[in-house]
Amino acid sequence: MENKNLLGKTGEKKVLIIAGETSGDLHGASLVKEMLHFNPNLRFYGVGGEKMREVGVKLVAEISELAVVGITEVFFRLKNIYKVYCKLKSLLRENKPDLVILIDYPDFNLFFARKVKRENIPIIYYISPQVWAWRKSRIKKISQLVKKMIVIFPFEKELYQKRGVEVEFVGHPLLDSIPSPSSRKKISDKFSLNPEIPTIGLLPGSRSTEIQRNFPPMVKAIPLIRENINPVQFIIPVAPGIKVEEIKRFIDYSVENLLIIKDNIYEVMQVADLLIVASGTATLEATIIGTPMIIVYRVSPLTYLLGKMLIKVKNIGMVNIIAGKTVVPELIQNDLKPEKIARLASELLNSPERLNEIKKELHRVKGKLGEPGASLRAAKIITQFLNS
């Protein structure tokens with residue numbers, strides 16, 4: 001894409017927006033859509049994915065060029081990341097935006113923010129880095145670079161206010177993304193599931209590296225679960241951007257009652273009695289829907305070692321962090337073993353009382369996420385800032 005194509009008409013305001021991950025693409029698209037309702041003459045360009053492209057953002061780079069999991073894994077992507085940085089840096093002068101919106105993805109975004117600041121372009125940061133979990137020192141850097149933080153968790157507002165950062169809490173945008181529930185029978189009929197037997201959803205992640213690390217122990221747990229619960233059926237919603245073949249190569253074709261479908265993650269969450277899910281956005285989606293889960297995750301040994309030294313929270317699952325206690329079990333790194341998955345899954349499915357208690361806790365956590373309309377509220381704040 002030539003930079004001249006990014007130029008708006010005379011009088012139009014240009015917004016550079018950067019999302020480096022799939023969840024950021026989703027939330028960025030919702031934000032842009034709402035901002036265009038307030039002002040159809042805004043022109044957006046930047047880094048994102050298919051959802052941001054669909055709402056009119058002219059992409060100069062794709063999230064696939066930036067997406068990476070783990071601390072050490074980033075070194076293997078530095079060349080691509082630097083290319084994106086250089087492309088964006090040149091745009092600051094060739095197509096100088098009136099505003100830069102950064103969405104999460106802190107290491108890249110905060111590094112780029114220094115260049116934006118030198119060009120005297122205002123920055124709004126939407127969806128805070130997890131400074132409450134690790135590297136709290138970034139708050140000082142944010143206060144020096146960012147005009148306003150727009151946060152999605154209530155405890156984040158107090159954290160930034162204490163440090164003198166201008167901040168607004170808008171609630172979590174996922175509350176607007178999740179559709180109204182369908183009946184178990186309707187979803188079961190759609191996917192040819194038996195609504196009378198337990199259903200377990202397997203969600204190994206939205207990146208190839210996550211699938212390679214999280215999915216094999218899930219698959220190996222299937223026959224172990226069947227030793228305790230039979231009949232039982234399994235369903236795997238393949239995340240956008242992941243090929244079905246990436247999932248199938250880990251599966252023995254003799255496995256019965258296992259269905260692989262493309263997308264439809266929310267319907268899978270609604271029909272499942274239990275989810276085995278990789279830590280990330282999907283755990284909050286499951287929380288909002290109210291489906292009990294086991295959170296799993298594995299990274300490279302070096303990344304895990306560094307994380308243990310840096311991360312200051314007991315749990316990694318957002319549902320547990322927001323609750324302030326372990327609401328759903330977590331199997332992280334060396335604990336992610338087929339035997340442990342099977343034991344926990346069997347214990348939960350054999351205890352309706354415990355499943356109901358988890359559902360009540362998930363409902364309480366959902367209540368802490370604010371009210372629907374987060375994207376609308378964020379769009380209003382940013383549009384007013386642009387017009388001031």
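The values are calculated or read from the model by the stated rules, or taken from the named source; none is laboratory data. Everything numeric in this text was worked out from a predicted model, so none of it was measured. Here the Cβ is made from the backbone with ideal geometry for all residues, glycine too, and neighbour counts use every protein chain on show.
What to note about this one:
- Residue, farthest from K380 (Cα to Cα), within the range 162-193, restricted to residues that are touching a residue at least 40 places away in the same chain (Cβ under 8 Å) and surrounded by fewer than 13 Cβ atoms within 10 Å (Cβ to Cβ): S192
- Matching option when the condition is under 24 Å from the mean Cα position of the chain (by Cα), within 21 Å of I295 (Cβ to Cβ) and not assigned by TED's automatic domain parsing to the domain that holds K51, among I225, I265: I265
- Segments classed as helices (runs of 4 or more DSSP H), wholly inside the range 91-185, with at least 3 members that are of a type in the set (D, E, K, R): 106-118, 138-145, 154-162
- Residue, farthest from Q270 (Cα to Cα), within the range 233-251, restricted to residues that are of a type outside the set (A, V, I, L, M, F, W, C) and part of a strand (DSSP E or B): Q233
- A Cβ distance below 9 Å, combined with a sequence gap of six or more or placement on separate chains, defines the contacts here; from the range 331-346, residues that are closer than 12 Å to Y297 by Cα reach residues that are in a helix (DSSP H, G or I) and among the hydroxyl-bearing types (S, T, Y) in the pairs I332/Y304; Q333/Y304; N334/Y304.
- Residue pairs whose Cβ atoms lie under 7 Å apart, separated by 6 or more positions or on different chains, with the first residue in the range 315-328 and within 17 Å of L174 (Cα to Cα) and the second assigned to a loop (DSSP other than H, G, I, E, B) and among the charged types (D, E, K, R), are I322/K368.
- Every condition in (1) crowded, with 17+ Cβ neighbours inside 10 Å; (2) modelled with pLDDT under 95 is met by S254 except one, and the failing one is (1).
- Every residue from the range 370-388 that is more than 10 Å from P173 (Cβ to Cβ) and of a type in the set (S, T, N, Q): T383, Q384, N387, S388
- Hey, P195 outside any helix (DSSP H, G or I), over 22 Å from the mean Cα position of the chain (by Cα) and not charged (D, E, K, R) or not: yes
- Qualifying position, being over 20 Å from F169 (Cβ atoms) and not hydroxyl-bearing (S, T, Y), among L110, L102: L110
- Residue within the range 211-223 that is aliphatic (A, V, I, L, M) and in contact with a strand residue (DSSP E or B) (Cβ under 7 Å, 6 or more places away or on another chain) present: yes
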